[in-house]
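K.L.:
The following block contains the structure, expressed as structure tokens.
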Amino acid sequence: MTFYEQELQKIVGERYPDATYVGRTCYVQLGDMNRAKIEFVKGIQADRYIALQLTILNRCEGKVDVLWLQFEDLFGKQTASNSNCSKRIWPYIWDDRGNVDWNGYHPTRQDYEALSNAVSDYLEVFQDMRQSPDRQWEQTM
């Protein structure tokens with residue numbers, strides 16, 4: 001598994017165990033018609049992945065919606081993990097000619113949980129709904 005696939009699995013694997021991982025992307029089935037494409041995306045610098053892009057795809061209608069979850073919005077400015085550096089930085093993934101890792105700050109378990117919650121909250125909006133026998137609406141996956 002690549003670095004990107006491992007990171008995506010940390011984010012979506014527990015809540016969406018049937019996710020499919022391919023490179024910097026994973027796919028989650030949200031029902032009969034909707035799928036989510038979740039991928040790491042770059043900002044204005046070619047070697048820095050600063051966000052997750054979530055794209056909702058419908059089998060009949062194509063692209064339905066797109067959302068960027070930027071790491072700086074979820075994690076905030078952080079103190080670098082490197083003990084030689086005390087400055088605060090914005091988290092991002094750095095691809096240094098194939099050597100890929102978080103630059104200076106590695107997300108904590110709480111950071112991954114916050115990112116996972118944000119992804120899940122967004123995906124729930126597009127999951128299929130069905131009405132139960134007692135006339136209540138339920139989400140299905």
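The values are calculated or read from the model by the stated rules, or taken from the named source; none is laboratory data. Fair warning: this is a prediction, and the values are worked out from it, not measured in the lab. Note that each Cβ is placed from the backbone with ideal geometry, even for glycine, and that neighbours are counted across all protein chains shown.
For every residue, the table says whether it meets (1) at pLDDT 95 or above; (2) farther than 26 Å from Arg15 by Cα.
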site: Gly31; (1), (2): no, no
site: Glu39; (1), (2): yes, no
site: Thr55; (1), (2): yes, no
site: Gln78; (1), (2): no, yes
site: Asn82; (1), (2): no, yes
site: Arg88; (1), (2): no, yes
site: Ala114; (1), (2): yes, no
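K.L.:
Moving to a separate point now. Conditions: (1) under 19 Å from Asp101 (Cα atoms); (2) surrounded by fewer than 18 Cβ atoms within 10 Å (Cβ to Cβ). Trp90 meets all but one. Number of the miss?
P.N.:
With respect to (1) under 19 Å from Asp101 (Cα atoms); (2) surrounded by fewer than 18 Cβ atoms within 10 Å (Cβ to Cβ), Trp90 is out only on (2).
K.L.:
Here is a follow-up. Search the stretch 24-55 for residues being in contact with a strand residue (DSSP E or B) (Cβ under 6 Å, 6 or more places away or on another chain), closer than 24 Å to Gly98 by Cβ and of a type in the set (Gly, Ala, Ser), and hand back the single one that is surrounded by the fewest Cβ atoms within 10 Å (Cβ to Cβ).
P.N.:
Gly43
K.L.:
Let me ask something else. Can you confirm whether Tyr21 is under 25 Å from Arg109 (Cα atoms), at pLDDT 95 or above, in contact with a Cys (Cβ under 9 Å, 6 or more places away or on another chain) and surrounded by 14 or more Cβ atoms within 10 Å (Cβ to Cβ)? Lay out the reasoning, then the answer.
P.N.:
Numbers: under 25 Å from Arg109 (Cα atoms): yes; at pLDDT 95 or above: yes; in contact with a Cys (Cβ under 9 Å, 6 or more places away or on another chain): no; surrounded by 14 or more Cβ atoms within 10 Å (Cβ to Cβ): yes.
Criteria not met by Tyr21.
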